[in-house]
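Reviewing the structure listed below.
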Amino acid sequence: MKQRILTAALIIAVVLPPLIVGGTLIDLLMLFCLVTGAYEITHCLKTPRKNLLMIAMIGVMIALALISPQFLGAGLALTMVVLFAAAIADPKLDLNDITLVFAMLTIFTMAVRSIISIYAQNSWLMMYVILATYLTDTGAYFSGYFFGKHKLIERISPKKTVEGAIGGWLCGMLGAFVFALTMLPELSMGLALFGAATMAIVGQLGDLAFSLIKRNVGIKDFGSFLPGHGGILDRIDSLLFNLLYFTLILAMVV
């Protein structure tokens, strides 16, 4: 636990300034996460084409993150066609390889576009999403550690418990709601509560979704870059889901 807490403190110290300042710093942070995420995903595959897939993922993600929204659908469709064509032509690429790469490429791309959209409205909205995500994660960890008795979904994540999930939801929901009331007066009380309560659930679904990926490819963690936490994807899995979800909320209410 000590190592996990120390690493978490270091992550906060490094990540918090870009999140607050935005601009070039947040761009560099996003680029770092894209490159590292592409590396971690492609290098958990069994194909010998890991480096080629990684380079392709990075290039396509950057292009799709920057193009006009009207061309995004066409860009994703073209990417899917090219990936299938590559798998047909190369026997060392199978359906599982291209399916996972395309799914992750889409999630990463949409998450970057979500961050850009959120910052265009109010940078404190990003902190709202961050708090809903990581207070849930922290609350789930400590609730499960001290009170966990009943397994949540053991076949996907053996250590997660029902008590941890409930504790995480309460921490994420209350923390993000209080923050919204204090720092985001433009959000109605109902919307602030709804967003906090549902993101505390969606984030946990994201965590379980990435745990399912790890089980399917036979790994415990996506990497070892963050001692006590695993890889970058082990830290941002919940956030990726909440970014996509919160952008949907904003689109519905604006």
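So here's what we get for this one:
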{"read-out": "For the chain: relative contact order, % (alpha-carbon pairs under 8 angstrom, 6 or more apart)", "value": "20"}
{"read-out": "Ellipticity estimate at 222 nm from DSSP helix runs (n ≥ 4, -39,500 (n - 2.57)) divided over the chain, nearest 500", "value": "-27500 deg cm²/dmol"}
{"read-out": "Candidates Leu19, Leu239, Leu66: whichever shows maximal mean-square fluctuation once the chain is modelled as a Gaussian network with Cα springs under 10 Å", "value": "Leu66"}
{"read-out": "Per residue, the convex hull volume that the Cα atoms of the stretch 99-251 enclose (Å³)", "value": "111"}
{"read-out": "DSSP loop trypsin sites (Lys or Arg not before Pro) with at most 13 other Cβ within 10 Å excluded, longest remaining stretch of the chain", "value": "160-219"}
{"read-out": "Among Met61, Met189, Met173: highest mean-square fluctuation, GNM of the chain, C-alpha pairs under 10 Å", "value": "Met189"}
{"read-out": "Listed residues Leu212, Leu53, Leu233, most fluctuating in the chain (Gaussian network, C-alpha, under 10 Å)", "value": "Leu212"}
{"read-out": "Whole-Hz couplings from phi, Karplus 6.51/-1.76/1.60, listed for the stretch 33-50; x for Gly and Pro", "value": "5, 5, 5, 5, x, 5, 4, 5, 5, 5, 8, 9, 7, 8, 5, x, 8, 4"}
{"read-out": "Radius of gyration and maximum dimension Dmax of the stretch 195-254, Cα, Å", "value": "13.3, 42"}
{"read-out": "The chain - accessible surface per residue (Å², probe 1.4 Å)", "value": "51"}
{"read-out": "Reachable lysines from Lys46, criterion Cα separation under 29 angstrom, eight or more residues apart if same chain", "value": "Lys92, Lys159, Lys160, Lys214, Lys220"}
{"read-out": "18 Å tail of the calculated P(r), the stretch 88-167, as % of Cα pairs", "value": "65"}
{"read-out": "Options Met126, Gly195, Ser238, ranked by Cα towards positive dipole end of the stretch 124-254, top entry (Cβ charges)", "value": "Ser238"}
{"read-out": "Given charges at beta-carbon only (K, R positive; D, E negative), |dipole| of the chain in Debye", "value": "620"}
{"read-out": "Carbon/sulfur fraction of accessible area - the stretch 1-153, other protein chains in place, 1.4 Å, %", "value": "74"}
{"read-out": "√(5λ) per eigenvalue of the Cα gyration tensor, the stretch 1-89, largest first, Å", "value": "31, 20, 8"}
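The values are calculated or read from the model by the stated rules, or taken from the named source; none is laboratory data. Predicted model, so just to flag it, every value in this text is computed and none were measured. Here Cβ is always computed from backbone atoms with ideal geometry, including for glycine, and neighbour counts include all displayed protein chains. With ligands, DNA and RNA removed, areas are computed over all heavy atoms of the protein, side chains included. Shrake-Rupley method; radii C 1.70, N 1.55, O 1.52, S 1.80 Å.
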